[in-house]
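Worksheet: the structure to be examined is printed underneath.
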Amino acid sequence: MQTKWSDLFSPTKKQLDALAAIGRSEYVLYGGARGGSKSHLLRWWLLQFLIEMYKRGFENARVMLACESYPVLQDRQVSKIDTEFPRWLGEVKTTKTEGLGYYVNPEFGGGAIMLRNLDNPSKYMGAEFAAIGVDQIEKIKKDTFDILVGSKRWPGFNKTKFVATANPGGYGWVKQLWIDRNFPPEMAGFEDKFEFVQSLPKDNPYLDESYWAGLKMLPERIQKAWIDGDWNVFSGQAFPQFNDNELDADSHICTPFEIPEHWLKFMGVDWGFTEPFVCLWIAKDPITGRIFIYNELTRRSLADRWQAKTIRDMTMPQEHITMTFADPSMWSGRHQKDNGTITSSADEYANEGVYLQKGDNNRLSGKRKVDRLLEKLPDGKPGLMVFSTCKEFRRTFQYLMLNEPGHGDTEDVASKGTEDHHYDALRYAISSLRSDIDAPKKIATLNPYYSLKGI
């Protein structure tokens, strides 16, 4: 007796849209709201993928189905697979050599869905999977995604796939890539490989009234995310008040203009080598107290003296930089010259004519200062404006996240798994800004070199 695949898996219309997207794109995100039957699609697609590989002559293929932790994996996938998948096709079991998985019987190809958690993704660096499915990918960090991408390979098979589900929220890099399509420089050329298929609760005909009632009891902000699929209200964002829409009246982005010579100008530097080093050029309007980020520098793999040279070359002759605040780690001795002298990064900068002051590294104080700058001044415009040309600051700042419980102070910006280098450069730059200061109501004189106290 033959069984039709449609008798096992009967996808909804929206799930069919997702399957079509998977067929044409290498990296697919499905969901973006609650109740769209996302997890269901993920496990059945992986099983279908194994059967299709067997039809193409690939026996004993391995695919991965992963969640952020084992309890979540057990609840969302393992328990469902054990009841939904037919016993004649395979079984959930643990083997000594490969661990937990759903193992397809040999007469159907002998493939397996390896059931994994991502608590320690480094253990998958040497693994190979013909397809990878991640349930609720917004719960994992970008560096975990990077590791998994390196494991997406199978000998002789060139149609490997990466499919994930997500709800609005969690780590902002998911929204950055699939929703905003804002790709970092190192991913240039990959834009066409990514596709997002939105699935809303209304797309799932099997939801009962009690599920809808539960959703509608939630706060309006959460309803917008979970019912309407609004990613702009996702929780955990470090600076949700930052508005990157240039056309919005409340935007923090402005068209570049010539900075008046009498305005105070200063810089912030975050050191890096393997990770990028960043320098921000900042000016302050002495009348309103508004701060403008008007230029930026982002480079990798530059030695200290070349960092300083590049900063110096990018600083125009008419710019009088009053102060440059920098990462305090730059004063740690790390270089030994031929004569045995130990120098620091700050010394190397000074040798090139870029003189640094230690930035304030109190992270919570820095977070409060930035929050205050983002607020509106008496004229109705934000206290921090960013030139539209500062694309790297804009790209990274809006996706910063707060620490999750158990991973540091939950009021602080997460430093692991995020691109926080431009934010850190801003924190250092505003070291002399008091976190409790009000915007200046009156400036008596336009002294171009007034004290940095209380900038």
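Things to note:
- Within segment 59-187, antiparallel bridges make up roughly 40 percent of the DSSP beta bridges whose residues both belong there.
- Neighbour-count ranking [beta-carbon atoms within 10 angstrom, fewest first] of Trp331, Trp44: Trp331, Trp44
- Normalised contact order of the chain, rounded percent, pairs of Cα under 8 Å and 6 or more residues apart: 15 percent
- With Rh defined as the Kirkwood radius, the inverse of the mean 1/r over Cα pairs, the Rg/Rh of segment 91-138 is 0.98.
- Phi-based couplings in Hz for segment 19-31 (Karplus 6.51, -1.76, 1.60; Gly and Pro marked x): 4, 5, 5, 4, x, 10, 10, 7, 10, 10, 10, 10, x
- If the convex hull is drawn through the Cα atoms of segment 1-81, its volume per residue in Å³: 135 Å³
- Reachable lysines, given that their alpha-carbon falls under 21 Å from the alpha-carbon of Lys202 and they are not under 8 places away in the same chain: Lys13, Lys14, Lys38, Lys216, Lys224
- Ranked by the mean number of other Cβ atoms within 10 Å per residue, highest first, peptides 119-129, 363-373, 31-41, 90-100 order as 31-41, 363-373, 119-129, 90-100.
- Across every pair of non-identical alpha carbons in segment 219-325, the mean reciprocal distance, once inverted, gives a Kirkwood radius of 16.8 Å.
- Long-range amide H partners of Cys254 with built H, under 5 Å: Val386, Phe387, Ser388
- Share of Cα-Cα pairs in segment 91-196 lying beyond 24 Å, as whole percent: 30 percent
- Taking one quarter of the surface of the C-alpha convex hull of the chain gives a mean projected area of 27.1 nm².
- Long-range tail of P(r) for segment 253-429 (Cα pairs > 20 Å, %): 54 percent
- Applied to segment 348-363, the Karplus parametrisation 6.51 cos²θ - 1.76 cosθ + 1.60 on θ = phi - 60° returns per-residue 3J(HN,Hα) values of 4, 4, 4, 4, 9, x, 10, 9, 10, 10, 5, x, 6, 9, 6, 5 Hz, with x for Gly and Pro.
- Projecting the Cα positions of Ser37, Met64, Phe85 onto the charge dipole of segment 5-232 (unit charges on Cβ atoms of Lys, Arg, Asp and Glu, taken about the Cα centre) puts Met64 furthest along the positive direction.
- Between segment 377-402 and segment 37-94, the alpha-carbon center distance in angstrom: 43 Å
- 37 °C / 0.692 mPa s Stokes-Einstein diffusion coefficient of segment 148-285, Kirkwood radius on C-alpha pairs, µm²/s: 167 µm²/s
- Alpha-carbon spread of segment 14-168, three principal axes, descending order, Å: 41, 33, 32
- The relative contact order of segment 114-179 comes to 39 percent, based on Cα pairs under 8 Å that sit 6 or more residues apart.
- For segment 55-68, Karplus couplings with θ = phi - 60° (6.51, -1.76, 1.60), whole Hz, Gly/Pro x: 5, 8, x, 9, 8, 6, 6, 10, 10, 10, 10, 10, 10, 5
- Each Lys and Arg adds +1 at its Cβ and each Asp and Glu adds -1 at its Cβ; summed about the Cα centre, segment 259-329 shows a dipole of about 80 debye.
- Rounded to the nearest 20, the size of the Cβ-charge dipole of the chain about its Cα centre is 400 debye, with Lys and Arg at +1 and Asp and Glu at -1.
- Relative packing of peptides 255-262, 63-70 - highest average C-beta neighbours within 10 Å first: 63-70, 255-262
- Over the chain, dividing the summed -39,500 (n - 2.57) contributions of all DSSP H runs of at least 4 residues by the number of residues returns a 222 nm mean residue ellipticity of -7000 deg cm²/dmol.
- Based on the reciprocal of the average 1/r between different C-alpha atoms, the Kirkwood radius for segment 253-298 equals 11.7 Å.
Readers should treat all values here as calculations from the given coordinates under stated rules, not as data from a laboratory. On a predicted model such as this, the values are computed, not experimentally measured, just so you know. A quick note on method: Cβ atoms are made from the backbone with ideal geometry, for glycine too, and the neighbour counts reach across all protein chains shown.
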